[in-house]
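Undergrad: Mind looking over this structure? Questions follow.
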Amino acid sequence: MNQVVWDVTLWTLASPIYLVRWVVRLLRRWRFWRMAYTPAITCGFCGATIWLVGIWRCGCGFQAASHLLRPCPICGRLPRMVRCFACGSTEKLPEL
């Protein structure tokens with residue numbers, strides 16, 4: 001009986017922590033998936049449109065016509081930033 005009480009106590013104390021971690025992870029993934037289904041974003045510096053759908057080249061050299069936030073079929077990497085063609089500044093992309 002002592003073990004059951006100890007397990008219930010630990011579960012009760014750990015549940016709020018796990019809930020907060022789950023909500024934070026859900027918000028990060030929501031931000032990523034929301035941008036993964038968006039065809040364009042706005043540059044934070046000049047306000048120009050940065051298209052995320054087009055021909056992209058991965059760091060491994062593979063080139064494909066797709067959305068920028070699709071994993072490379074060769075190496076599986078995702079880009080971390082995108083450059084604005086109007087002003088040259090970079091925008092950080094959300095990570096999965």
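Undergrad: Kindly provide the set of residues from the range 51-66 that are touching a Pro at 6+ places or on another chain (Cβ under 9 Å) and without any contact (Cβ under 8 Å) to a residue 12 or more places away in the chain, ordered by number.
TA: The answer is Ala64, and nothing else.
Undergrad: What is the number of the single condition among (1) touching a Lys or Arg at 6+ places or on another chain (Cβ under 8 Å); (2) surrounded by 12 or more Cβ atoms within 10 Å (Cβ to Cβ) that Arg80 does not meet?
TA: (2)
Undergrad: Then there is this: Do we find a residue being outside any helix (DSSP H, G or I) and either in contact with an Asp or Glu (Cβ under 9 Å, 6 or more places away or on another chain) or modelled with pLDDT of 90 or more (or both) anywhere in the range 14-37? Explain how you work it out, then say what you get.
TA: Quick first cut of the range 14-37, residues outside any helix (DSSP H, G or I) only: 37.
Restricting the remaining residues to those that are either in contact with an Asp or Glu (Cβ under 9 Å, 6 or more places away or on another chain) or modelled with pLDDT of 90 or more (or both) gives 37.
The answer is yes, given that some residue of the range 14-37 is outside any helix (DSSP H, G or I) and either in contact with an Asp or Glu (Cβ under 9 Å, 6 or more places away or on another chain) or modelled with pLDDT of 90 or more (or both).
Undergrad: Against the definition (on the phi < 0 side of the Ramachandran plot, within 21 Å of the chain's Cα centre (by Cα) and not aromatic (Phe, Trp, Tyr)), how does Pro16 come out, yes or no?
TA: On the way: on the phi < 0 side of the Ramachandran plot: yes; within 21 Å of the chain's Cα centre (by Cα): no; not aromatic (Phe, Trp, Tyr): yes.
Answer is no for this residue.
Undergrad: Write out, first by first residue and then by second, each pair whose Cβ atoms fall under 8 Å of each other, whose residues are 6+ apart or on separate chains, and whose first residue, in the range 1-29, is surrounded by 10 or more Cβ atoms within 10 Å (Cβ to Cβ) while the second is of a type outside the set (A, V, I, L, M).
TA: Arg28/Pro94; Arg28/Glu95
The values are calculated or read from the model by the stated rules, or taken from the named source; none is laboratory data. Predicted model, so just to flag it, every value in this text is computed and none were measured. Note that we place each Cβ from the backbone using ideal geometry, even for glycine, and neighbour counts take in every protein chain shown.
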